[in-house]
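Encoded as structure tokens, the structure appears first; notes follow it.
The values are calculated or read from the model by the stated rules, or taken from the named source; none is laboratory data. As the structure is a computational prediction, the values presented were derived from the model and not from experiment. No Cβ is skipped: glycine too gets one built from the backbone with ideal geometry, and neighbour counts run over all protein chains shown. With ligands, DNA and RNA removed, areas are computed over all heavy atoms of the protein, side chains included. Shrake-Rupley method; radii C 1.70, N 1.55, O 1.52, S 1.80 Å.
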Amino acid sequence: QVQLVESGGDLVQPGGSLRLSCAASLSISTLYFMAWYRQGPGQEREVVGSISRDGTVTYSHSVKGRFSISRDNAKNTLYLQMNSLEPDDTAVYFCRTRLGDGDYWGQGTQVTVSS
């Protein structure tokens, strides 16, 4: 079992920045990958990016160059640094991981980009 708890969502103006956190209940250095997803109003859930156990990071085309994924293994926490935010980034942001046969998601944190 893995518990994931996201935090850091907020209302921010276009062009602003936010950092989301995802705290895990176990050592994230043992996880094959961790990922960020988002689901905007009336939209399908989509991947934002992921980081593998060896530190390889990938991003979706829509956020590449603006968002950055990192992790702190000592704190068992995954981060999503979001810069140059746009209204289309408004969504609930989730973190996800897999361990064995289990597929684990956090409860999500709301990010709203609006003036």
Shape of region 74-115 from its Cα gyration tensor (a ≥ b ≥ c, root eigenvalues): rounded if a/c is under 1.5, otherwise prolate when a/b > b/c, or oblate?
prolate
Spelling it out for residue 71: with amide H atoms placed in the peptide plane at 1.01 Å from N, the residues 5 or more places away or on another chain with amide H under 5 Å from its amide H are 79
Candidates per trypsin sites (Lys or Arg not before Pro) in region 50-109, loop by DSSP, up to 14 other Cβ within 10 Å
53, 64, 75
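Provide 44, 6 ordered by accessible surface of protein heavy atoms (probe 1.4 Å), highest first.
Details: 44 155, 6 10 Å².
Descending accessible area places them as 44, 6.
What does the charge add up to near residue 52, with Lys and Arg as +1, Asp and Glu as -1, over the other residues with Cβ less than 12 Å from its Cβ?
Values: positive: 53, 71, 98; negative: 54.
After counting each charged neighbour, the total is +2.
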For residue 108, list long-range residues whose amide hydrogen, built 1.01 Å from N in the peptide plane, is under 5 Å from its own amide hydrogen.
6, 95
Quick one: Karplus J couplings for region 59-69, per residue in order, coefficients 6.51, -1.76, 1.60, θ = phi - 60°, nearest Hz, x for Gly and Pro?
10, 6, 4, 6, 10, 4, x, 10, 10, 9, 9
Where chymotrypsin sites (Phe, Trp or Tyr not before Pro) fall in DSSP loop in region 11-76, at most 12 other Cβ within 10 Å:
32
About its Cα centre, how strong a charge dipole does region 35-115 have in debye, to the nearest 20, once Lys and Arg get +1 and Asp and Glu get -1 at the Cβ?
220
Residue by residue through region 35-42, what is 3J(HN,Hα) from phi via Karplus (6.51 cos²θ - 1.76 cosθ + 1.60, θ = phi - 60°)? Round to whole Hz and write x for glycine and proline.
9, 10, 10, 8, 9, x, x, x
Can you tell me the Rg and Dmax of the chain, counting just the alpha carbons, in angstroms?
13.4, 43
Tell me which residues come under 5 Å, amide H to amide H, from residue 16 once H is placed; ignore anything under 5 positions away on its chain.
85
Sulfur and carbon atoms: percent of accessible area, region 11-89 [1.4 Å]:
47
Charges on Cβ only, +1 for Lys and Arg, -1 for Asp and Glu, centred on the Cα centroid of the chain; of 109, 42, 87, which one is farthest towards the dipole's positive end?
109
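Would you mind getting the accessible area per residue of region 23-115, heavy atoms of the protein chains only, 1.4 Å probe, in Å²?
Details: 4860 Å² over 93 residues.
Accessible area per residue, region 23-115: 52 Å².
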